[in-house]
Amino acid sequence: MRRNILVFLVLLLILIPVGITLAKSNQPTGFTEIHSYAQLLQDYAVATPQQPIRILIVPGHEPGYGGAEYQGVYERELTVEIADQLAAYLRQNPKLQVIVARSTTAWNPDIGDYFDSQWRSIQKFVTTQKKGMAKLTKKGTIETRSSDEQVDHAKAPDDVALRLYGIGKWANENDIDVVVHLHINDTPDHGPNDPSPNSGFAVYVPDAQYGNAAASRPLGEAIARYLSAMNATSSLPIENQGVVEDQDLIALGANGTLFIPSVLIEYSYITESKLTHPEVRSVVTNDFAYDTYLGIQSYLQNPVVAHYPTTSLPHVFMDTPEAKSSSPDAYALQAALHIAGFYPVATTTPAHAGQPATTTPRTLADCPISGLMGPCTIDGIRAFQVAHGWKPTGSLGPLTRAALNAQFATGVAQ
Ligand SMILES: [Zn+2]
């Protein structure tokens, strides 16, 4: 009897690992890895202006067509502004060659010509890759992601989708090493004068099963790390992970169409105050570009030493920005207070009617760095003053100005 139990136990111990192995062999294995991160870093280490690392920046949407719109602000124009600023930062690095896919009015001529001459071959390529993906899905090599696992995206018209696949195919064939897609986010159906219920940034990376996923994810993580210094992460479920895997975005190589690393950045929702106020918009887009640049340099393991995560600093502080006004001054003030640890600060409701005082923490989602002067900034100035042992006036008197300027009026922006 005892002996039987022992045999049973031994058998069980043998069978458990066998069972695990069997279960494992049924797991989807995905596409094989292509263009490894380690290889890219090796190429970067020996890159020269004659043999550079080639980065393709794709401003989201098309010349004069598509993308989010809100109160006269167009995503497709903002993304070109960010792309040009990002290209200028990256071009300071002689190891990099930067190609921008379009302007506000036209495609990059190489890419435009490619659409004209290779339209048929783009169609054929997409059909072949889609068939291949369907086959791998049927075999169980690839697992299809459900709508609980990833964010729903608006479907592009067929010709727009094919041009986007075409950009990927062009990149595959033209020695591009890294692709970066730039977008401004939106929520469907929020009405022409109602802000989106969501805010914040997200960086999309290819689903882990794609061959370019392993090299893309560290790029997404590096960019998200720098963007989070100044921006709240998206409030939308799944997007709130900050770095978000996706199987269906063409920009990232849906259906196994991209053989190189790619990320897609949603910098902000288009209805956020940092974009709806024209006084600060170019400061904001410049910071988006700057933080993306810092992220790319960090990904290439050649980080740029930045004094501040924002181009709004150094800054000489003078007058208190007027309440409800929007200005680069207020933006720099919020950025400085944020770096100093006083923006945002928690709100406190004093004790009353037998109830104890309550403190509610606030995040960058509640108090964005937006250049819009309001209670968040005044509370931040007060907290800064209290920390220095001064009377909390909430405005920039001589002492407060001097303290801010001692910390933030110097330092070199990159
Ligand atoms: Zn977009």
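What to note about this one:
- Candidate set from region 248-269 (those that are β-branched (V, I, T) and either in contact with a Pro (Cβ under 9 Å, 6 or more places away or on another chain) or under 14 Å from A202 (Cα atoms) (or both)); member that is surrounded by the most Cβ atoms within 10 Å (Cβ to Cβ): V263
- Total residues in region 169-203, condition within 16 Å of the ligand (Cβ to nearest atom) and either in a strand (DSSP E or B) or under 22 Å from the mean Cα position of the chain (by Cα) (or both): 17
- If you go through region 220-276 and pick out every residue that is in a loop (DSSP other than H, G, I, E, B) and more than 22 Å from L313 (Cβ to Cβ), you end up with 17.
- Residues in region 371-394 that are free of Cβ contacts under 8 Å to residues at least 12 places away in the same chain and charged (D, E, K, R): K391 only.
- Residue list for region 151-171, restricted to those being surrounded by 18 or more Cβ atoms within 10 Å (Cβ to Cβ) and of a type outside the set (A, V, I, L, M): R163, Y165, G166, G168, K169, W170
- Residue list for region 196-216, filter: of a type in the set (A, V, I, L, M) and over 11 Å from E239 (Cβ atoms): V205, A208, A213, A214, A215
- All conditions in (1) crowded, with 19+ Cβ neighbours inside 10 Å; (2) more than 29 Å from A134 (Cα to Cα); (3) not aliphatic (A, V, I, L, M) hold for H181, with the sole exception of (2).
- Within region 93-112, being of a type in the set (S, T, N, Q) and touching a residue at least 60 places away in the same chain (Cβ under 8 Å) holds for one residue alone: N93.
- Among residues of region 169-187 that are at pLDDT 95 or above and of a type in the set (S, T, N, Q), those with a Cβ under 6 angstrom from a residue that is part of a strand (DSSP E or B) and more than 9 Å from the ligand (Cβ to nearest atom), sequence gap 6+ or separate chain, pair up as N185/Y269.
- Filtered residue count, region 82-101, keeping only those that are part of a helix (DSSP H, G or I) and touching a Pro at 6+ places or on another chain (Cβ under 9 Å): 3
- Qualifying residue in region 82-93 (condition: within 16 Å of the ligand (Cβ to nearest atom), β-branched (V, I, T) and crowded, with 18+ Cβ neighbours inside 10 Å): yes
- Among the conditions (1) in contact (Cβ under 8 Å) with a residue 12 or more places away in the chain; (2) touching a helix residue (DSSP H, G or I) at 6+ places or on another chain (Cβ under 9 Å); (3) not polar (S, T, N, Q), the only one that G397 does not satisfy is (1).
- Entry remark, region 181-209: residues being farther than 23 Å from L252 by Cα and hydroxyl-bearing (S, T, Y) number 1 in total.
- For region 45-81, residues that are assigned to a helix (DSSP H, G or I) and within 16 Å of the ligand (Cβ to nearest atom) total 7.
- A search for C-beta distances below 8 Å between a residue of region 113-139 that is under 27 Å from Q209 (Cβ atoms) and any residue that is among the hydrophobic types (A, V, I, L, M, F, W, C) and assigned to a helix (DSSP H, G or I), counting only pairs 6+ apart in sequence or on different chains, returns I122/F115; I122/L162; Q123/L162; V126/L162.
- Test: residue in region 149-156 that is without any contact (Cβ under 8 Å) to a residue 12 or more places away in the chain and of a type outside the set (D, E, K, R): no
- Test: W107 is over 26 Å from the mean Cα position of the chain (by Cα) and of a type in the set (F, W, Y): no
- Matching option when the condition is away from the ligand (no atom under 16 Å from the Cβ), over 20 Å from the mean Cα position of the chain (by Cα) and not acidic (D, E), among G211, G220: G211
- Pairs linking a residue in region 29-54 that is under 12 Å from F259 (Cβ atoms) to a residue that is among the hydroxyl-bearing types (S, T, Y) and assigned to a loop (DSSP other than H, G, I, E, B), with Cβ atoms under 8 Å and 6 or more positions apart or on different chains, are F31/Y210.
The values are calculated or read from the model by the stated rules, or taken from the named source; none is laboratory data. What you are looking at is a predicted structure, and each value in this text was computed from that prediction instead of being measured. Cβ atoms come from the backbone with ideal geometry, glycine included; neighbour counts cover every protein chain shown.
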